[in-house]
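Written below as structure tokens is the structure these notes are about.
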């Protein structure tokens, strides 16, 4: 049994010593018997579409999702390390293309036949008995009576501190308030959030703060469109003297 291979896949891999810094790639297999080497003329040939950049991009440690699968970063969107979740807005062709990166696509047989291999990402509608949900980038926060958002968890003024409990989102498709609630929030009482928060006065020191908040209201700005909002239920601060511990604040601020 004879093997022909190169290092044409996944170039620029940091742990490769090949000239291309690619990963070991099996290209052909054939058989010989004694002095009979005619099998060399009709090998099994493996094709990975390695000459197509879409299927053989250079290795980039930042182009993965949280499960380690390939996820191409799209310009003007959060970096994958900040938003490592599956992009649910890709069409079928894009999903299949990303699923087939660095993978076998066909085998040419010695008989002349060809075995074609296709890939697609799994689809699912439920997690146990709950409808599958979508992770979305947050545009900003505001008071629950405002549609003007800021990046701040709370705002200060001469009147004191106001906690911003309204989360603003951009939906992939336009819909009405009733459609938004039915499609994204049906049967959902709690919201998961994950904020990159500056927890002190040093702008270079930030931490991811994740947690859950109860949903008290939601809708579409203007009743129809792609600008959505979700209002979080404020929570008691829970510590300090009686006057302070019963004060209601943002659940994000309490987590931070």
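A short reminder: the numbers here are calculations on the coordinates, not readings from a lab. All of these numbers come straight from a predicted model, not from anything done at the bench. So basically every Cβ, Gly included, is an ideal-geometry build from the backbone, and we count neighbours across all protein chains shown.
Based on the mean of other Cβ atoms within 10 Å per residue, sort peptides 54-66, 220-232, 119-131 so the most packed one is first.
The packing order, highest mean first, is 220-232, 54-66, 119-131.
Pick from 11, 205, 72 the residue whose mean-square fluctuation is largest in a GNM of the chain, springs joining Cα atoms under 10 Å.
Ranking 11, 205, 72 by mean-square fluctuation puts 205 first.
Fewest to most neighbouring Cβ within 10 Å: what's the order for 175, 10?
Final ranking by Cβ density, sparse to dense: 175, 10.
Between residue 117 and residue 77, what FRET efficiency follows from the Cβ-Cβ distance if R0 is 35 Å, with the result rounded to 0.05?
Efficiency computed from Cβ-Cβ geometry: 0.70.
With r as the distance between the Cβ atoms of residue 194 and residue 16 and R0 = 35 Å, compute the FRET efficiency 1/(1 + (r/R0)^6) and round to 0.05.
The calculated FRET efficiency here is 0.55.
May I ask you to sort 102, 190 by Cβ crowding, counting other Cβ atoms within 10 Å and putting the fewest first?
190, 102
Which one, (i) 32, 23, 15; (ii) 53, 21, 15; (iii) 34, 21, 17, gives semi-axes √(5λ) of the Cα gyration tensor in Å as derived from the coordinates shown?
Of the labelled values, this structure produces (ii).
On a full-extension model of 0.36 nm per residue, what is the gain between residue 182 and residue 214, subtracting their alpha-carbon distance, rounded to one decimal in nm?
Using 0.36 nm per residue and subtracting the Cα-Cα distance, I get 9.8 nm.
Efficiency by 1/(1 + (r/R0)^6): what FRET value for residue 146 and residue 3, r their Cβ-Cβ distance, R0 = 51 Å, to the nearest 0.05?
For R0 = 51 Å, the calculated efficiency reads 0.20.
Please report, largest first and rounded to whole Å, the three semi-axes of the ellipsoid equivalent to region 1-123, where each semi-axis is the square root of five times an eigenvalue of the C-alpha gyration tensor.
34, 18, 9
Please give, to one decimal in nm, the separation of the simple spin-label points placed at residue 127 and residue 60, each 7 Å out from Cα toward the Cβ.
With each label placed 7 Å out from Cα toward Cβ, I get 2.7 nm.
At a threshold of 8 angstrom on Cα-Cα distance, excluding pairs fewer than six apart, so keeping six or more, what relative contact order does region 11-82 reach in percent?
22 percent
Report the label-to-label distance for residue 45 and residue 256 in nanometres (one decimal), using points 7 Å from each Cα along the Cα→Cβ vector.
It is 6.0 nm.
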